[in-house]
Amino acid sequence: MRPLIHGATYFARLHEELMALRAGDRVWFTDWRGDADERMLPAGPSIGELLAGLARAGVQVRGLIWRAHGERVSSPISGRSNEILGRQINDAGGEVLLDQRVRLFGSHHQKLFVIRHSDDPSRDIAFVGGIDLCHSRRDDADHAGDPQALAMDSRYGKRPPWHDATLELRGPVVADLLTVFAERWNDPHPLDLRTPYRMLVQRLAHMPRHPRPLPESAPPPPPLGPHAVQLLLTYGVKHPPFPFAPAGERSVARGYAKAFARARSLIYIEDQYLWSTEVAAALAGALARNPELQVIAVVPRYPSSDGPLSGPPGRIGQLRAIRMLSRVAPGRFGVFDLENSTGTPIYVHAKICIVDDTWITCGSDNFNRRSWTNDSELTCAVLDTSADDRAPSGTQTGHDAPRGLAHDLRAQLWAEHLDLNRDDPRLDDPAAGLELWNTTADALDQWHASDRRAPRPTGRVRHHTPEPVTPFQLLWAVPISRLVMDPDGRPRRLRGTAQF
């Protein structure tokens with residue numbers, strides 16, 4: 001397993017693997033949003049051109065993209081992005097489906113790419129993470145933004161800087177990920193939900209009501225490397241039920257709960273939201289149980305859409321979560337946001353969690369109730385088993401901790417955010433991390449407060465202070481947040497509890 005930080009890194013690796021495919025090879029992917037014209041390289045082909053070209057060359061291309069709520073019946077010029085991407089690939093001989101088999105007001109949010117080679121299973125590879133095949137994602141460590149940008153809150157500028165991550169995986173886990181894809185693909189319920197409008201959208205996209213059967217599965221690739229990977233999933237309870245998850249699935253939430261219960265030194269989080277009482281309660285419980293534990297969270301400075309109506313429901317959950325965690329563990333919890341060298345905020349879309357430099361997750365889920373109970377999500381939890389062999393006897397944290405995958409990933413992220421060299425010894429001690437982050441954020445906040453007269457201090461991190469929600473806004477923002485933006489997809493007997 002190898003972490004790929006930034007969309008530009010991921011798109012370059014995906015382009016490299018796709019260009020090596022030949023007739024008879026297979027590609028399966030799922031996505032929340034795909035833009036057919038999004039370029040994978042600055043001067044390279046678009047994702048639609050590349051996948052359509054593979055389909056014409058005899059590569060089997062299958063895809064499941066969420067058919068977003070409210071999608072309009074439209075022409076290829078003004079149509080929605082997922083429909084256009086699917087149509088381009090289908091017209092070339094592939095099969096990409098708009099999948100609406102979700103809970104009401106839910107979504108298919110999984111981001112998965114599986115590539116299998118007909119002549120050499122050892123070359124099979126998969127990618128899982130938070131990066132969609134769409135506009136705004138192709139950014140790099142300089143965070144100047146993707147030239148093909150989506151419109152967001154104006155404070156992010158015309159080319160919003162974007163921080164994201166995904167995982168590159170090889171070995172038997174590739175077959176496990178294909179099973180996840182096959183379960184959704186083989187769901188016998190119709191894709192269009194049997195309404196005239198939905199049926200028309202499917203027809204305009206040249207998509208059937210039911211998928212064609214998948215080809216016979218190949219044996220899993222051979223074992224490779226020291227990383228133990230567990231797939232964590234979310235499926236909400238719905239009617240008709242998912243045949244592979246009739247009572248839903250919430251292993252994402254349960255995985256985090258177990259990891260937090262074992263945390264001793266540091267929980268490091270990069271997340272798009274960090275809200276919901278249930279999520280905050282899981283972190284608060286870990287902080288209350290262990291007085292040595294610290295939590296560092298990195299989130300966007302502003303919601304992607306922070307208007308008069310969209311902003312308060314998006315901020316209220318985060319404000320409550322921050323208050324809960326700060327009250328439970330004053331001085332041991334810090335929440336930060338990022339900016340690039342010009343002072344433009346960086347939109348944090350990454351979904352990463354690292355516990356005690358031992359256990360990491362990266363996938364599609366966010367730290368909110370929607371991702372833990374309602375939407376279709378896929379996350380990889382990873383342990384570097386070789387780190388156990390390198391750990392000194394009786395020592396698991398601090399300067400003597402094993403230098404494995406989780407440590408290296410955290411050090412890479414911190415070096416970028418704090419503007420430190422990768423060999424800086426301050427990156428080696430997670431227990432001292434919060435002090436380092438606070439010091440760096442204090443300096444940058446003070447520089448901004450002094451009208452930037454002195455040289456800019458090092459680092460990209462600032463203390464996160466969400467705009468408050470007024471008492472009047474609370475009257476309508478709370479129900480919208482709970483029912484629409486952050487719904488509960490658990491069985492009725494579990495709603496209102498801390499159980500998953």
*So what are the three principal axis dimensions of the range 454-500 from its Cα atoms, in whole Å, longest to shortest?*
57, 30, 15
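Taking K and R as +1 and D and E as -1, what net charge do the other residues with C-beta under 12 Å from the C-beta of MET152 add up to?
Local net charge: +1.
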*Only Cα pairs under 8 Å and at least 6 apart count here; give the relative contact order of the range 218-271 as a rounded whole percent.*
25
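With the other protein chains left in place, how much accessible area per residue, in square angstrom, belongs to the range 241-325 at a 1.4 angstrom probe? Working shown, then result.
Working: 2980 Å² over 85 residues.
In whole numbers, the range 241-325 has 35 Å² accessible per residue.
With a 1.4 Å probe and all protein chains in place, put ASP91, ASP375 in order of accessible area, largest first. Walk me through the numbers on the way to the answer.
On the way: ASP91 100, ASP375 5 Å².
Putting ASP91, ASP375 in descending order of accessible area: ASP91, ASP375.
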*Kindly report, to the nearest 10 Å², the accessible surface of HIS227 as traced by a 1.4 Å probe over protein heavy atoms only.*
50
*Given (i) 22.1; (ii) 27.8; (iii) 23.6, which label gives mean projected area of the Cα convex hull in nm² as computed from the coordinates?*
(iii)
*Neighbour-limited loop hits for trypsin sites (Lys or Arg not before Pro), the range 137-166 (at most 12 other Cβ within 10 Å; DSSP other than H, G, I, E, B)*: LYS158
*asked:* Using a probe radius of 1.4 Å on heavy atoms only, what accessible surface per residue do you get for the range 1-119? Whole Å² is fine.
replied: 35
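Just want to confirm a number: the relative contact order over the chain, from Cα pairs under 8 angstrom separated by 6+ residues, in percent.
Details: 1091 pairs, mean separation 76.8, N = 500.
Relative contact order for the chain comes out at 15 percent.
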*Give the carbon-plus-sulfur fraction of the accessible surface of the chain in %, rounded to a whole number; probe 1.4 Å, heavy atoms of protein chains only.*
56
*Computed over the range 311-368, Cα set: Rg, Dmax in Å*: 13.9, 36
*What is the sum of charges around ASN340, taking Lys and Arg as +1, Asp and Glu as -1, for the other residues whose C-beta is under 10 Å from the C-beta of ASN340?*
-2
*Tell me which lysines have Cα within less than 27 Å of LYS238's Cα, excluding those fewer than 8 residues away on the same chain?*
LYS111, LYS258, LYS351
_At 222 nm, what value in deg cm²/dmol follows for the chain if DSSP H runs of at least 4 each add -39500 (n - 2.57) and the sum is divided by all its residues, to the nearest 500?_
-9000 deg cm²/dmol
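With +1 on each Lys and Arg Cβ and -1 on each Asp and Glu Cβ, and nothing else charged, work out how big the dipole of the chain is about its Cα centre, in Debye to the nearest 20.
Details: 60 positive and 60 negative charges, 372 e Å.
Dipole size: approximately 1780 debye.
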*Where Lys and Arg each count +1 and Asp and Glu each count -1, what net charge lies around GLY44 among other residues with Cβ under 11 Å from its Cβ?*
-1
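The values are calculated or read from the model by the stated rules, or taken from the named source; none is laboratory data. Just so we're clear, the structure is a prediction, and the values are computed from it rather than from any experiment. Glycine also receives a Cβ, built like all others from the backbone with ideal geometry; neighbour counts cover every protein chain displayed. Ligands, DNA and RNA are excluded from the accessible area calculation, which covers all protein heavy atoms including side chains. Shrake-Rupley method; radii C 1.70, N 1.55, O 1.52, S 1.80 Å.
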